[in-house]
Amino acid sequence: MLLAVFLFLLGVNKQLDIQSLFTEIGKAVAKKQGWYDNRRYFQLVFIIMFCVLSLTSMTFIGWMLRKEWRKFFFPLTGLLLLVSFIVIRAASFHHVDWFLKSGLFGVRMNWVLELSGIGWVMSSAVYWLKKIGKERTA
């Protein structure tokens with residue numbers, strides 16, 4: 001259920017582009033308060049805090065599911081891919097942006113990373129739905 005809520009919120013964010021709003025607000029505040037020239041330090045602190053929060057959350061989820069981790073291994077792997085993508089995207093350093101916008105044959109790395117996490121979670125959900133359907137008919 002938590003994964004479904006998380007994915008729903010990511011979908012809402014994707015449509016409303018909320019992170020860009022926060023980026024612009026942060027940039028305006030930084031310029032107004034005079035620390036925009038030192039933004040790389042604050043970006044690094046933000047990324048470290050985001051990584052710690054993500055790692056803590058993943059650890060907590062893993063601990064909660066410790067007895068049934070095999071059942072949730074594939075959806076959690078997809079969640080880990082998505083969280084990794086979000087952390088990489090949150091970095092927004094120029095060389096990271098260059099990597100995300102690069103690609104082969106018109107397919108951007110940005111798409112590969114994001115859609116692989118979503119696809120992994122989706123295929124895991126399809127697998128479990130089929131398994132549950134077979135159990136009910138048997």
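The values are calculated or read from the model by the stated rules, or taken from the named source; none is laboratory data. Source: prediction; values computed, not measured. Glycine gets a Cβ as well: all are built from the backbone with ideal geometry, and neighbour counts include every protein chain shown.
Quick check on region 37-46. Is at least one of its residues among the β-branched types (V, I, T) and either in contact with a Phe, Trp or Tyr (Cβ under 9 Å, 6 or more places away or on another chain) or not in a helix (DSSP H, G or I) (or both)?
The initial filter retains those residues of region 37-46 that are among the β-branched types (V, I, T), namely 45.
Among the residues that remain, those that are also either in contact with a Phe, Trp or Tyr (Cβ under 9 Å, 6 or more places away or on another chain) or not in a helix (DSSP H, G or I) (or both) are: none.
No.
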Selection within region 34-44 - modelled with pLDDT of 85 or more and surrounded by fewer than 13 Cβ atoms within 10 Å (Cβ to Cβ): G34, W35, D37, N38, Y41
Complete set of residues in region 105-120 that are in contact (Cβ under 8 Å) with a residue 12 or more places away in the chain and more than 17 Å from V87 (Cβ to Cβ): G119
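Looking at region 53-72, which of its residues are basic (K, R) and at pLDDT below 85?
Step one: of region 53-72, the residues basic (K, R) are 66-67, 70-71.
Scanning region 53-72 gives R70, K71.
Looking at L2, L9, L53, L79 in this structure, which one is within 17 Å of the chain's Cα centre (by Cα) and surrounded by 15 or more Cβ atoms within 10 Å (Cβ to Cβ)?
Values: L2 fails: surrounded by 15 or more Cβ atoms within 10 Å (Cβ to Cβ); L9 fails: surrounded by 15 or more Cβ atoms within 10 Å (Cβ to Cβ); L53 fails: surrounded by 15 or more Cβ atoms within 10 Å (Cβ to Cβ).
From the options L2, L9, L53, L79, the qualifying one is L79.
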Residue among K31, K101, K71, K67 that is among the charged types (D, E, K, R), exposed (fewer than 14 other Cβ atoms within 10 Å of the Cβ) and touching a Leu at 6+ places or on another chain (Cβ under 8 Å): K71
Those residues of region 116-138 which are of a type in the set (V, I, T) and surrounded by 12 or more Cβ atoms within 10 Å (Cβ to Cβ), in sequence order: I118, V121
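Among the candidates K32, K27, K14, single out the residue that is within 19 Å of I118 (Cα to Cα) and in a helix (DSSP H, G or I). Step through it out loud before you land on a result.
Details: K32 fails: within 19 Å of I118 (Cα to Cα); K27 fails: within 19 Å of I118 (Cα to Cα).
Exactly one of K32, K27, K14 is within 19 Å of I118 (Cα to Cα) and in a helix (DSSP H, G or I), namely K14.
Working only within region 47-65, note down all residues that are of a type in the set (A, V, I, L, M) and in a helix (DSSP H, G or I).
Here is the first cut: in region 47-65, the residues of a type in the set (A, V, I, L, M) are 47-49, 52-53, 55, 58, 61, 64-65.
Those that are of a type in the set (A, V, I, L, M) and in a helix (DSSP H, G or I): I47, I48, M49, V52, L53, L55, M58, I61, M64.
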